[in-house]
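Scroll down for the structure; my scribbles are underneath it.
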Amino acid sequence: MKVLLPDDSTLELPDGATGLDAAQAIGPRLADEAILVRQNGRVQDLRQPLEPGQRIQILTTRDRQDPDALAVLRHSSAHLLAEAVRRLYPGVKIAIGPPIENGFYYDFEFPAPIGEEALERIEAEIERELDEGRSWTREEVSRDEARARLLAENEPYKVELVDEADGPITFYTQGDFTDLCRGPHLQDSRPIKALKLTSLAGAYWRGDEHNRQLTRIYGTAFYTQEDLDTYLERLEEARRRDHRRLGTQLDLFHLSEHAPGMPFWHPKGMVIWNALEDLRRRENIRRGYVEVKTPLMYDVDTWKTSGHWEKFRDEMFLLPYGEDRQLGLKPMNCPGHMLLFANDLRSYRDLPLRYAESSTLHRNERAGALHGLLRVQHVTQDDAHIFCSREQIEDEIFGCLDFAAFLYDLFSVEARFELSTRPDNKLGTDEEWDFTEAALRTALERRGLAYDLNPGDGAFYGPKIDLHMTDVLGRSWQMGTIQLDSQMPQRFGLRYTGSDNEEHTPYVVHRALFGSLERFIGILIEHYGGAFPVWLAPVQVRVVPVGESHREAARGVRDRLAEAGVRTEVDERDETVSKRIRDAEVEKIPYVVVYGDRESEERLAVRERGGTQSTQNLESLIGDLAAKL
Ligand SMILES: [Zn+2]
Ligand SMILES: [Zn+2]
């Protein structure tokens, strides 16, 4: 048989040849370094036969950053982990152990609970395996044999997996450890140059809380020590910036079981919240939006009309009402805005009509899905619905994109736009979709924005543009969305009289640019590492009087700054000056003014976050700050 190589040359192989055979035919060095074969865009184990006529690529240890290459390394590492745990903890039962985005894990049922300190011992055992060296063998077995072997080994989780598996059943063996596994795996353990167990967590078997809770051991592995070091540094930086940690340290918010997934905002957190709200209001007015306020709860019929009952019911909080009615807390603002539009006779002269509302929404999430401010049940969107005619769509989308680009620029985050087009279950004709997709594309190009195309991922009612941002740690976040909708206005029977005196149904653009305020603030905390730009900082200046006799003068400085609109505090605690300065640094306050015998309003000692020190008079400090507000 023949296969094609990346340089378009053809390789002749005997029928049934494997990826490893192909590598050997090319050269012994390649065969030695080979880890995977990519065929037809997907990867497979080197030990599996190739399909004739396919284009193949052999991945080697030099592809150390390739996601598939990392996945196979980490999957094999997970098997080494299971081997070590089996040896150290007789009677342990093993469940599953896949590679994940930044590493791998394996789930175990331990005979007795283990603590974090066990990780070191297990890691040492894996090191020993690596020193000895392991190589993997692959075998296909019948379902009955697989079942019998796993029953004999007393591995109930694996038996369950065999019972549900489709396709051929394979086992991989290294050392004296055999695992039910689809693969692929490395040839041997030599490429695993750096491995670390990172943490321990509880995990329900199959993610179902009705099942037994297992112990999950997380780890990661790389092709070089340098790659592991870089990863650990980045992890440490992410931990330092974790918004939950900084939320406490900076006294911004907290979460509590009294109200799961619904943040309590502290005064300093509210300063940030209100700064974003002010920004949203100011820009909305400038861009021709009008603010509205619609109810938090609607009867079930409204949700049936909107389609949420069918698509979103599981995520809604429901409340009994009267004898036989039920109200649903809104997970989205759309139905309220539709009803508001329908409340009056509308003409083409009213369009575009841009309703803005940043109301509290509630979404019933699984407890396990909640995560700090990033996944909450109490969501505040900077929401708006734009009612417009067909001819106005492109301009309205352009306006939303311009607004989004303005916001992201303000926070110095890199924005990425993704256009999603008609899905399989679309409503409406292809001609209609041709038109709406073109309108979105044209708006993107007119605004000069590069975008990725995501074919087939639009909503069933229309195409959409999703907004993603990349933070300083290089992580990508889905933020806002701009969605065109021709269906909901029809379901609510919305009409306006056109210039032709005929009745028309308006289009609606649903758009949220921050996305949710909770999530946006969570991401901003991490993006800035808590060191907010001056205009967002909860406390902008802290005045530190050196002694008791300087307190009066320090308060005078505070009052002058406060008059100029600067958020200022005086730290009058009986602590040393250096301790109070250090605390201001920990709280990441942009300016600290020290006031002692040598200082006066003509001569202030000003320390800026980041270390710059200067002597300034109060007027010039106010001038500096005013430029940053
Ligand atoms: Zn496996
Ligand atoms: Zn909406």
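Using a 1.4 angstrom probe on the protein heavy atoms only, could you order Lys293, Lys2 from most to least accessible area?
Numbers: Lys293 185, Lys2 110 Å².
Ranking Lys293, Lys2 by accessible area, largest first, yields Lys293, Lys2.
Grab the eigenvalues of the alpha-carbon gyration tensor for region 388-432, scale each by 5, take roots, and send me the semi-axes largest first in whole angstrom.
Numbers: eigenvalues 152, 50, 7 Å².
Computed over region 388-432, the values are 28, 16, 6 Å.
Is the shape of region 145-218 rounded, prolate or oblate, going by the alpha carbon gyration tensor and its root eigenvalues a ≥ b ≥ c, with a/c under 1.5 for rounded and a/b larger than b/c for prolate?
Working: a/c = 2.03, a/b = 1.08, b/c = 1.88.
Oblate.
Assign one of three labels to region 315-403, namely rounded, prolate or oblate, based on the Cα gyration tensor with a ≥ b ≥ c the square roots of its eigenvalues; rounded applies when a/c is under 1.5, prolate when it is not and a/b is larger than b/c, and oblate otherwise.
Taking the square roots of the gyration eigenvalues as a ≥ b ≥ c, region 315-403 is oblate.
If the only charges are +1 at each Lys and Arg Cβ and -1 at each Asp and Glu Cβ, what is the size of the charge dipole of region 406-557 around the Cα centre, to the nearest 20 debye?
Working: 15 positive and 22 negative charges, 149 e Å.
That gives a dipole near 720 debye.
Ordered by packing density, taken as the mean number of other Cβ atoms within 10 Å over each peptide's residues, highest first, how do 79-85, 19-25 rank?
Numbers: 79-85: 24.6, 19-25: 20.3.
Top to bottom by mean Cβ count within 10 Å: 79-85, 19-25.
Cβ neighbours within 10 Å, averaged per peptide: list 476-484, 528-536, 159-167, 274-282 in order, most packed at the top.
Descending packing order for the listed peptides: 476-484, 528-536, 274-282, 159-167.
If you line up the long axis of helix 430-446 against the longest principal axis of the chain, both from Cα atoms, how many degrees apart are they, to the nearest 10?
The angle comes out at about 70 degrees.
Give the angle, between 0 and 90 degrees and rounded to the nearest 10, that separates the Cα long axis of helix 67-88 from the longest principal axis of the Cα atoms of the chain.
70 degrees
If region 53-204 were replaced by its equivalent ellipsoid, with semi-axes equal to the square roots of 5 times the Cα gyration tensor eigenvalues, what would those be, largest first, whole Å?
Values: eigenvalues 111, 97, 38 Å².
For region 53-204, the semi-axes come out at 24, 22, 14 Å.
How much accessible area per residue does the chain have, in Å², with a 1.4 Å probe? Walk me through the numbers before you get to the answer.
On the way: 29860 Å² over 629 residues.
Value for the chain: 47 Å² per residue.
How large, in percent, is the carbon and sulfur part of the accessible surface of the chain at a probe radius of 1.4 Å? Could the numbers behind the result be given before it?
Working: 13990 of 29860 Å².
Reported share for carbon and sulfur atoms: 47 percent.
How about region 327-431: which trypsin sites (Lys or Arg not before Pro) there lie in a loop by DSSP and see at most 16 other Cβ atoms within 10 Å? Working shown, then result.
On the way: sites: Arg346, Arg349, Arg354, Arg363, Arg366, Arg375, Arg390, Arg416, Lys426; in loops: Arg346, Arg363, Arg366, Lys426.
Hits after loop and neighbour filter: Arg366.
Could you size up the charge dipole of the chain around its Cα centre, putting +1 on the beta carbon of Lys and Arg and -1 on that of Asp and Glu, and report it in debye to the nearest 20?
On the way: 80 positive and 110 negative charges, 217 e Å.
Dipole size: approximately 1040 debye.
How big is the Cα convex hull of region 476-629 in projection, averaged over all directions, in nm²?
Working: hull surface 58.0 nm².
Taking the Cα atoms of region 476-629, their convex hull projects to 14.5 nm² on average.
Sorted by average packing, counted as other Cβ atoms within 10 angstrom per residue and highest first, what order do 309-316, 60-67 take? Write out the running numbers ahead of the final one.
On the way: 309-316: 13.2, 60-67: 15.0.
Result, highest mean Cβ count within 10 Å first: 60-67, 309-316.
Is the shape of the chain best called rounded, prolate or oblate, per the rule: a/c under 1.5 gives rounded, else a/b larger than b/c gives prolate, else oblate, with a ≥ b ≥ c the square roots of the Cα gyration tensor eigenvalues? Don't skip to the end; give the middle numbers.
On the way: a/c = 1.96, a/b = 1.30, b/c = 1.50.
It is oblate, given that a/c is not under 1.5 and a/b is not larger than b/c.
Any idea what the relative contact order of the chain is, in percent, if you count C-alpha pairs under 8 Å spaced at least 6 apart? Mind showing how you got there, number by number?
Details: 1129 pairs, mean separation 53.5, N = 629.
This gives 9 percent for the chain.
Ordering Val541, Val271 by accessible area with a probe of 1.4 Å, largest first, what comes out?
Numbers: Val541 0, Val271 40 Å².
Largest accessible area first, the list is Val271, Val541.
Can you give me the angle between helix 225-241 and the longest principal axis of the chain, using Cα atoms only, in degrees from 0 to 90, rounded to the nearest 10?
Roughly 30 degrees, rounded to the nearest 10.
So which of Lys268/Lys330; Lys93/Lys196; Lys304/Lys464; Lys193/Lys588; Lys2/Lys196; Lys579/Lys628 end up more than 30 Å apart, counting from Cα to Cα?
Values: Lys268/Lys330 28 Å; Lys93/Lys196 22 Å; Lys304/Lys464 23 Å; Lys193/Lys588 39 Å; Lys2/Lys196 41 Å; Lys579/Lys628 27 Å.
Violating the 30 Å limit, Cα to Cα: Lys193/Lys588; Lys2/Lys196.
How high is the relative contact order of region 279-383, in percent, with contacts defined as C-alpha pairs under 8 Å that are six or more residues apart? Don't jump to the answer; show the numbers that get you there.
On the way: 125 pairs, mean separation 31.2, N = 105.
Relative CO of region 279-383 lands at 30 percent.
Using alpha-carbon pairs under 8 Å, 6+ residues apart, how would you state the relative contact order of region 458-500 in percent? Please report the intermediate quantities before stating the final value.
Values: 41 pairs, mean separation 15.4, N = 43.
RCO, region 458-500: 36 percent.
Less than 13 Å Cβ to Cβ from Glu602, Lys/Arg counted +1 and Asp/Glu -1: what total charge do the surrounding residues give?
Working: positive: Arg560, Arg598, Arg603; negative: Glu599, Glu601, Glu619.
Here the charged neighbours net out to 0.
The values are calculated or read from the model by the stated rules, or taken from the named source; none is laboratory data. Keep in mind that what you see is a predicted model, and the values were worked out from it rather than measured. Neighbour counts are summed over all protein chains in view; Cβ atoms, including those assigned to glycine, are modelled from backbone coordinates with ideal geometry. In case anyone asks, the SASA skips ligands and DNA or RNA and just uses the protein heavy atoms, side chains included. Shrake-Rupley method; radii C 1.70, N 1.55, O 1.52, S 1.80 Å.
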